[in-house]
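Okay, structure first, notes after.
The values are calculated or read from the model by the stated rules, or taken from the named source; none is laboratory data. All of these numbers come straight from a predicted model, not from anything done at the bench. Heads up, the Cβs are rebuilt from the backbone with ideal geometry, glycines too, and the neighbour counts pull from every protein chain shown.
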Amino acid sequence: MERDRNEQGQFEEKITDKDVLAVIQQEPVPAQTAASIANALDVERPGVHNRLTRLHEEGKVERAKLTPRVVIWWLPDDSPEEVHDEH
């Protein structure tokens, strides 16, 4: 099944930053893996991981590598109570 493209010919995004941040914020466990977020959003893990990496570079999420293959992500202590979509 082919995904929709925007006016620039790029694939339309299925999820937003707000979607990813909301999953982290709403889950009872304060730290999540990319796989758990992808599962909650019903999307593929690599796309979520790429988005989380960018959000980390922007200071919107924190991360820790538990093992060479397991990274957890969480909202920083100074994050706003409610997440806002900027992308």
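So if I check each of Leu55, Leu75, which one is within 21 Å of Lys14 (Cβ to Cβ), surrounded by 10 or more Cβ atoms within 10 Å (Cβ to Cβ) and at pLDDT 95 or above? Before you say what the answer is, go through the steps one by one.
On the way: Leu75 fails: within 21 Å of Lys14 (Cβ to Cβ).
Going through Leu55, Leu75 in turn, the sole match is Leu55.
Can you tell which of Val43, Val29 is exposed (fewer than 14 other Cβ atoms within 10 Å of the Cβ), free of Cβ contacts under 8 Å to residues at least 40 places away in the same chain and on the phi < 0 side of the Ramachandran plot? Spell out the reasoning first.
Values: Val43 fails: exposed (fewer than 14 other Cβ atoms within 10 Å of the Cβ).
Among Val43, Val29, only Val29 is exposed (fewer than 14 other Cβ atoms within 10 Å of the Cβ), free of Cβ contacts under 8 Å to residues at least 40 places away in the same chain and on the phi < 0 side of the Ramachandran plot.
Of the residues in region 40-79, how many are among the charged types (D, E, K, R), in contact with a helix residue (DSSP H, G or I) (Cβ under 8 Å, 6 or more places away or on another chain) and not in a loop (DSSP other than H, G, I, E, B)?
Restricting attention to region 40-79, the residues satisfying the condition of being among the charged types (D, E, K, R) are 42, 44-45, 51, 54, 57-58, 60, 62-63, 65, 69, 77-78.
Next, only the ones that are in contact with a helix residue (DSSP H, G or I) (Cβ under 8 Å, 6 or more places away or on another chain) stay: 44-45, 51, 60, 62-63.
Add one more test, that the residue is not in a loop (DSSP other than H, G, I, E, B), and what stays is 45, 51, 62-63.
Of the residues in region 40-79, 4 are among the charged types (D, E, K, R), in contact with a helix residue (DSSP H, G or I) (Cβ under 8 Å, 6 or more places away or on another chain) and not in a loop (DSSP other than H, G, I, E, B).
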